[in-house]
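Coordinate-derived values only; no laboratory data. Bear in mind the structure is a predicted one, so any value in this text is a computation, not a measurement. Heads up, the Cβs are rebuilt from the backbone with ideal geometry, glycines too, and the neighbour counts pull from every protein chain shown.
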Amino acid sequence: MKETRAAKKRRLIKLIHVAKGQLMLADGDYRALLANASCGKTSSTKLSVDELETVLRRLKARGFVVTTKAQAAGGQADIPVHDNNAQVAMIRSLWLELHRLGAVRDPSERALAKFVQRHTGIAYQGWLGIDNASKIIEHLKKWRNRVRL
């Protein structure tokens, strides 16, 4: 049975709100994303289906991964992001950029934490000192440069 336009709109709005939560977007960033995709509209209910699809594509480019209920039930929950540290934000940004470039399969915080632990022996990037964080940033930058070539 074909999905009606109204049902598709409701599904997209739900998915966008899930993405907002997964990416831990601040309300201002979320509203700016909506406004950029829709010529000024700041509520997802006011957007057309095409505009909602544009928003969803942009959220996927930022690292949102759509999972089914079965995939979510079988896997572990992702690590929540609460750090305001500039170096940790840079590490996360480089990680998501590598995902967009296709070098990283899993953009989740859990995968990033495993990567950081392999390279530093520290289980969570929020606990990195300045030296270790700088080493991870430089490693990710070099990886990004290799991928871009």
*Environment charge at S38 (Cβ cut-off 14 Å; Lys +1, Arg +1, Asp -1, Glu -1)*: +3
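Of all the Cα-Cα pairs you can form in region 98-149, what percent are over 16 Å apart?
On the way: 550 of 1326 pairs.
Of all Cα-Cα distances in region 98-149, 41 percent exceed 16 Å.
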*asked:* If R₀ is 35 angstrom, what is the calculated FRET efficiency for the pair D50 and R146, using the beta carbon separation as r and rounding to 0.05?
replied: 0.45
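Which length gain, in nm to one decimal place, applies between R58 and M24 when the Cα-Cα distance is subtracted from 0.36 nm times their residue separation?
Details: separation 34, 0.36 × 34 = 12.24 nm, distance 1.45 nm.
That pair, R58 and M24, stretches by 10.8 nm at full extension.
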*Angle in degrees between helix 109-120 and the longest Cα principal axis of the chain, rounded to the nearest 10*: 10
_Between [x] 57, 28, 22; [y] 52, 36, 32; [z] 56, 39, 23, which entry matches Cα extents along the principal axes in Å as derived from the coordinates of this structure?_
[y]
_Please compute the length gained on full extension between V66 and L101, using 0.36 nm multiplied by the number of residues separating them and subtracting their Cα-Cα distance._
10.8 nm
*Inter-site label distance for T4 and S134 at 7 Å from Cα along Cβ, in nm*: 6.1
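Tell me the volume per residue, in Å³, of the convex hull enclosing the alpha carbons of region 5-74.
Convex hull of Cα atoms, per residue: 81 Å³.
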*Taking the simple approach of a point 7 Å from Cα along Cα-to-Cβ for both L15 and A123, what is their distance in nm?*
3.6
*Sorted by Cβ neighbour density within 10 Å, fewest at the top, the residues K20, K9*: K9, K20
*Would you mind checking the tilt of helix 86-100 against the longest principal axis of the Cα atoms of the chain, expressed as 0 to 90 degrees and rounded to 10?*
60
